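Only the coordinates and a few stated rules stand behind these numbers; no lab work does. As the structure is a computational prediction, the values presented were derived from the model and not from experiment. For neighbour counting, all protein chains shown are included, and Cβ atoms are generated from backbone atoms with ideal geometry for every residue, glycine included.
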């Protein structure tokens, strides 16, 4: 029984790693800066609308009227931002479709 309570475990001293001077990062090491991807407005609209929904839940669960009011205002802000992003994505899609269907002026027959 006494052997099970024996806790003399050898511990190695901790050695600090050698610090190296930081070299400045080049653009080649960060490819995310080189690729230009179009912004997916529907994705960010969904993020804003889900955040607005979370703020509504927080407003319902808030313990004080001030917290409920703040969460409600935040919810309205994110909901309006999400709605504007959805509207912008719809308008951009309509503009792209319209420009694809439009024929150049020189190819029209009289």
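As a calculated quantity, the FRET efficiency between residue 73 and residue 47 at R0 = 30 Å, using C-beta atoms, amounts to about 0.95. By the count of neighbouring beta-carbon atoms within 10 Å, fewest first, 50, 15 end up ordered 15, 50. Kirkwood radius for region 39-102, taken over all pairs of different Cα atoms as the inverse mean of 1/r, rounds to 12.9 Å.
Straightening the chain between residue 54 and residue 87 buys 9.7 nm, computed as 0.36 nm per residue apart minus the Cα-Cα spacing.
Approximating the spin labels as points 7 Å out from Cα along Cα→Cβ, the residue 62-to-residue 14 distance works out to 4.2 nm.
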